[in-house]
Amino acid sequence: MAKALGEILTPPLQAMVKNWILCPIPLAENRLAERGFNQVSAILHEAALQYQELLIREEGEKQSKRSRVERLNAEQVFHMNEEVNLFTDQPILLIDDIYTTGATLNLAAKAFYDKGFKNIESLTVFR
């Protein structure tokens, strides 16, 4: 599926993201170990788009197990990967696979805003 989506998304994304740093929404380590790959990173890889793993996600309950209210009231689970050096004026494009309540993207964006970044946008593959 990642290959097919990568092929579909390559032309519009390459034109759209020239000056952006692409950041896939990360999985928690236990979820990554269970699944074996990050689906968003796989799509970006297949689309031949450069991206950076800028965020780290803490362990927690899967979003799919939470109610809408629980998702909207979730605690911060993201923090910046301290191994990456960026200037806060660089634009960041957060990319996720599914948009339901927007809570995941809001928390991820907040991790950047809290570090002084000002230009954060998001893109989801499915809604």
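We did not get these values from a lab; they are worked out from the coordinates using the rules stated. This one's a predicted model, so the numbers in the text were calculated from it and none came from an experiment. Glycine gets a Cβ as well: all are built from the backbone with ideal geometry, and neighbour counts include every protein chain shown.
Descriptive notes on the structure:
- Taking a point 7 Å out from the Cα of LYS3 in the direction of its Cβ, the residues of segment 20-42 whose backbone N falls within less than 19 Å of it are 36-42.
- Pair ILE98, GLU82: separation of 7 Å Cα→Cβ label points (nm): 3.4
- Under 5 Å from the amide H of VAL125 lie the amide H atoms of ASP96, ASP97, ILE98, each residue being 5 or more positions distant or on a separate chain, with H modelled from the backbone and absent for Pro and chain starts.
- If R0 is taken as 22 Å, the Cβ-Cβ distance between ASP89 and VAL125 corresponds to a FRET efficiency of 0.20.
- Cross-link partners for LYS18 among the aspartates and glutamates, with Cα-Cα distance under 12 Å and sequence neighbours closer than 8 places in the same chain left out, do not exist in this structure.
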